[in-house]
């Protein structure tokens, strides 16, 4: 009885220690430095399994009695002239975050940050018969095919359903976003401020998306794939500003480069059976056909292409220069103005119209878009506070998104869904717009 | 009639003269001697706890230990004004003409804010005077706490629930007034704000900008492209609504539909595509036009396609 009571007291104390304590704070002096910090730990019941929960969309909830430490460490000189702070959050988990900030008071401030953001779509729910070979072009390949093309039959006993159940395997659909940031701010005098920043974003994972063969309406089949995502984005920011007595002017540059490491996907058409034997086993090279219908037997002239090919987001870059300023005017008036000009560029090579060898490639006037969008914004705002409790404001704003992309011509039309040549000259529209706003 | 007019004029003139006398009497009241600066150490003598807390803040470290010019050397009086009259009167809240801050302060919000703007009317605060927050009479101290260290941005503490390291402090501060936006963050389809991975100021500058909705970038799309760089294009085949504004289809603060869509598919698409192609005839609920991702089952490249055969955003 006594042992049970002791055990109860100890376990209760442990639970209280784990779940009820508030952040602990401490400070020590070491030579000319002061080191202080605070820390917090927590836990979750062992029976809880977080990775199936909807609220874990952007979180990592650990399974079992895992302690989640959070810590803040601050080091400063006794002369109060510099600082060094370190924060950690959910160390060791998928959504961990670290921040290191250091500087000299009133002169320099530097911050480095590492942040991870998971994004779960589903765990083991999505299923696919494809195996995936990654690269710049991602191949979704099949090791076998259905034994008959009854694409319009959707019952569980259809050959296609049986083939899917026999060959598919589960996969997780999720994204993982890793972000590294570095920011610096330098103020040599109270008037001058210089800022710089660099951040890199790596987004990797997969998410569900649909592709299809055939032509709509009435003759198509959708193939569900796991879109491979491997995005790298590099951003840079540089700025300088001077603030005088009652006025300020600043100039800033922003640059951003986006790289997609999976720019193309190619996937097998499960319903072209020209390379499979009666048992659905792949037995020879597939043969493309120039038409597709969903009533095809998979071997006839309407069996469609062996593969489909789709272009994912192309690499691009953007640059922006911004000039802004403000001035205090007589009679309690203030003027503020901004002018911004940018470039959004994209010149990735075009893919061929189709991967289907049974269709003659149409012609195109250029090998790439030469995409060039130029946003331009100018704003002037005047504010008057002469009358107490009456805020008078007048502004003019122009925003224009002009399109300097090259005009592309498709004189022989295009190929619809790798299955059908669609004749007729085409010229994609070059969209642009502008907005003028005046208000008071 | 003439008498009436004359009487009215007399009354008006009498009123004006009366006001003038009262005004003169007010303005001619004896003024206290101009206050002078007494130095931070004098303030510390009575306000030791506040002084200690303030000395832990970034501004306190600069003013009290690393001042760069005469203004910063004034320490506490840099913001509160010269304190000699306050000291001579023996102290007391608001005594001696000190500038005090907060919602209980008798000092007008404009005066409070002008004190901050002496140094901070630059950078992200350049457009403060034109911002909706300034227009609605918000004080800087409505959102910021200055006298003690809170978060990196010195955000105000919202109750005792402010989490460890104030990770969500910003959302809580904004959410005090923007209740609908705060509620939207808790919808099933949301960006990771409530998880502490994003904050309101990733997209908005509450101090004012020349852009719609106080966005940091010059257009809605450019704001979204800051993170969603892959959708920036430009593309060979452009989907005009996506080109114009992401918010034509998405509600970035959170929705109950997948992918932050404003309306569930296919209703979203049929708002524009009313009378052509697929919607012309009723479809069963098991149709590919309805289940899963609906229209984007096939039109997966709906944000734009760079494929020569991507006219309908299917390649």
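The values are calculated or read from the model by the stated rules, or taken from the named source; none is laboratory data. Here the structure is a predicted model, which is why all the values come from computation and not from measurement. Positions of Cβ are generated from backbone atoms using ideal geometry, with glycine treated the same way; all protein chains shown enter the neighbour counts.
What to note about this one:
- Residue A:302 satisfies every condition listed in (1) more than 11 Å from chain B (Cβ to nearest Cβ); (2) touching a residue at least 40 places away in the same chain (Cβ under 8 Å); (3) over 17 Å from residue B:298 (Cα atoms); (4) out of contact with any helix residue (DSSP H, G or I) (no Cβ under 8 Å at 6 or more places or on another chain) except (2).
- Residue A:408 passes every criterion in (1) at the interface with chain B (Cβ under 8 Å from one of its Cβ atoms); (2) surrounded by 15 or more Cβ atoms within 10 Å (Cβ to Cβ); (3) at pLDDT below 95 apart from (3).
- Considering region B:300-315, and only residues there that are within 40 Å of the chain's Cα centre (by Cα) and farther than 17 Å from residue B:250 by Cα, the residue that is surrounded by the fewest Cβ atoms within 10 Å (Cβ to Cβ) turns out to be B:313.
- Counting the residues of region B:118-148 that are within 10 Å of another protein chain (Cβ to nearest Cβ), crowded, with 19+ Cβ neighbours inside 10 Å and either modelled with pLDDT under 90 or assigned to a helix (DSSP H, G or I) (or both) gives 7.
- Number of residues in region A:245-294 that are surrounded by fewer than 20 Cβ atoms within 10 Å (Cβ to Cβ), more than 30 Å from residue A:314 (Cβ to Cβ) and at the interface with chain B (Cβ under 10 Å from one of its Cβ atoms): the value is 4.
- Hits in region A:353-367 - residues which are buried (at least 16 other Cβ atoms within 10 Å of the Cβ) and either in contact with a strand residue (DSSP E or B) (Cβ under 9 Å, 6 or more places away or on another chain) or part of a strand (DSSP E or B) (or both): A:353, A:354, A:355, A:356, A:359, A:362, A:364
- Only listed residue being facing another protein chain (nearest Cβ under 10 Å) and in contact with a helix residue (DSSP H, G or I) (Cβ under 8 Å, 6 or more places away or on another chain), chosen from B:293, B:315: B:293
- Restricting region A:379-390 to residues that are in contact with a strand residue (DSSP E or B) (Cβ under 6 Å, 6 or more places away or on another chain) and either in a loop (DSSP other than H, G, I, E, B) or at the interface with chain B (Cβ under 9 Å from one of its Cβ atoms) (or both), the residue that is surrounded by the fewest Cβ atoms within 10 Å (Cβ to Cβ): A:380
- Test: residue in region A:330-345 that is under 30 Å from residue A:387 (Cα atoms), more than 11 Å from chain B (Cβ to nearest Cβ) and touching a strand residue (DSSP E or B) at 6+ places or on another chain (Cβ under 9 Å): yes
- So residue B:252, is it modelled with pLDDT under 95 and either under 24 Å from residue B:174 (Cα atoms) or in contact with a strand residue (DSSP E or B) (Cβ under 6 Å, 6 or more places away or on another chain) (or both): no
- Looking only at region A:305-329, residues that are away from chain B (no Cβ under 11 Å), within 30 Å of residue A:143 (Cβ to Cβ) and within 29 Å of the chain's Cα centre (by Cα) come to 1 in all.
For (1) within 11 Å of chain B (Cβ to nearest Cβ); (2) part of a strand (DSSP E or B); (3) without any contact (Cβ under 8 Å) to a residue 40 or more places away in the chain, each residue gets a yes or a no:
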| residue | (1), (2), (3) |
| --- | --- |
| A:400 | yes, yes, yes |
| A:412 | yes, no, no |
| A:418 | yes, no, no |
| A:421 | yes, yes, no |
| A:428 | yes, no, yes |
| A:431 | yes, no, yes |
| A:435 | yes, yes, yes |
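- Listed by position, the helices (runs of 4 or more DSSP H) inside region B:40-116 whose residues that are within 14 Å of another protein chain (Cβ to nearest Cβ) number at least 2 are B:48-54, B:58-65, B:70-73.
- Residue A:134 meets each of the listed conditions (1) surrounded by 14 or more Cβ atoms within 10 Å (Cβ to Cβ); (2) within 23 Å of the chain's Cα centre (by Cα) apart from (1).
- Conditions (1) surrounded by 15 or more Cβ atoms within 10 Å (Cβ to Cβ); (2) within 28 Å of the chain's Cα centre (by Cα): number failed by residue A:402: (1)
- Every condition in (1) within 11 Å of another protein chain (Cβ to nearest Cβ); (2) at pLDDT below 90; (3) on the phi < 0 side of the Ramachandran plot is met by residue A:218 except one, and the failing one is (3).
- Here region B:212-236 is the region considered, the condition is being in contact (Cβ under 8 Å) with a residue 60 or more places away in the chain and crowded, with 22+ Cβ neighbours inside 10 Å, and the residue that is nearest to the other protein chains (Cβ to nearest Cβ) is B:234.
- Test: residue in region A:182-189 that is out of contact with any strand residue (DSSP E or B) (no Cβ under 8 Å at 6 or more places or on another chain) and either free of Cβ contacts under 8 Å to residues at least 40 places away in the same chain or away from chain B (no Cβ under 11 Å) (or both): yes
- When residues of region B:173-192 are limited to those that are surrounded by 13 or more Cβ atoms within 10 Å (Cβ to Cβ) and in a helix (DSSP H, G or I), the one modelled with the lowest pLDDT: B:173
- Residues satisfying the stated conditions in region B:237-270, i.e. closer than 21 Å to residue B:314 by Cβ and touching a residue at least 60 places away in the same chain (Cβ under 8 Å): B:237, B:238, B:239, B:242, B:243, B:258, B:259, B:261
- Only one of the numbered conditions (1) touching a helix residue (DSSP H, G or I) at 6+ places or on another chain (Cβ under 7 Å); (2) within 13 Å of another protein chain (Cβ to nearest Cβ); (3) not in a helix (DSSP H, G or I) is violated by residue B:241, and that is (3).
- Check on residue B:259, assigned to a helix (DSSP H, G or I), surrounded by fewer than 16 Cβ atoms within 10 Å (Cβ to Cβ), within 11 Å of chain A (Cβ to nearest Cβ) and under 33 Å from the mean Cα position of the chain (by Cα): yes
- Selection count where residues are closer than 30 Å to residue A:251 by Cα and part of a loop (DSSP other than H, G, I, E, B), scope region A:333-352: 1
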